[in-house]
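Enquirer: Here it is: the structure, laid out below.
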Amino acid sequence: MEFDDLPAFRYSAAAMEIDAIRAAIQKGRFFVTDHALTEGFKDGINVADMLDVIRTGAIIERYPERHRCLIYGCNADAIPIHVVVDFRAKKFVDIVTTYIPQRDQWIRSQVRKKRRS
């Protein structure tokens with residue numbers, strides 16, 4: 001499937017599909033923010049890791065009001081990684097941030113733990 005053949009992106013949770021994001025990445029239509037590079041460096045995550053997570057991972061949270069989603073996957077060493085992407089621009093993906101999820105905040109790195117009141 002060609003990126004230009006994808007249906008128009010509607011800024012809703014349902015429209016933020018991983019296939020459309022992957023198509024943009026495959027076409028080289030992405031930007032890695034300085035914030036993502038800095039945060040990734042702190043956790044030992046490089047750009048190749050970020051792209052692999054997007055290529056093989058799954059969307060675990062959607063933030064439609066910001067046109068973003070959280071993608072979960074693992075690097076080659078099976079370390080869990082989160083990547084937040086912004087799909088506001090119709091032809092480009094911004095990789096906003098990345099990090100290794102903290103065990104005290106996530107269940108198996110995929111489900112956010114509820115905060116205690």
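Enquirer: Among the trypsin sites (Lys or Arg not before Pro) in the stretch 13-110, which ones are in a DSSP loop with at most 15 other Cβ atoms within 10 Å of the Cβ? Mind listing them?
Expert: For trypsin sites (Lys or Arg not before Pro) across the stretch 13-110 that sit outside H, G, I, E and B with at most 15 neighbouring Cβ atoms in 10 Å, the list reads K27, R29, R88, K90, K91, R103, R108.
Enquirer: Out of all DSSP beta bridges in the stretch 29-102, what portion is antiparallel? Express it as a percent rounded to 5.
Expert: Here the share of antiparallel DSSP bridges comes out near 85 percent.
Enquirer: Which value in Å does the Kirkwood hydrodynamic radius of the stretch 29-102 take, with 1/r averaged over all unlike C-alpha pairs and then inverted?
Expert: Value: 12.0 Å, from the Cα pair sum.
Enquirer: Rg/Rh for the stretch 62-105 to two decimals, with Rh computed the Kirkwood way over all alpha-carbon pairs.
Expert: 1.04
A short reminder: the numbers here are calculations on the coordinates, not readings from a lab. Keep in mind that what you see is a predicted model, and the values were worked out from it rather than measured. When we count neighbours, we look across all protein chains shown, and the Cβ atoms used for this are built from the backbone with ideal geometry, even at glycine.
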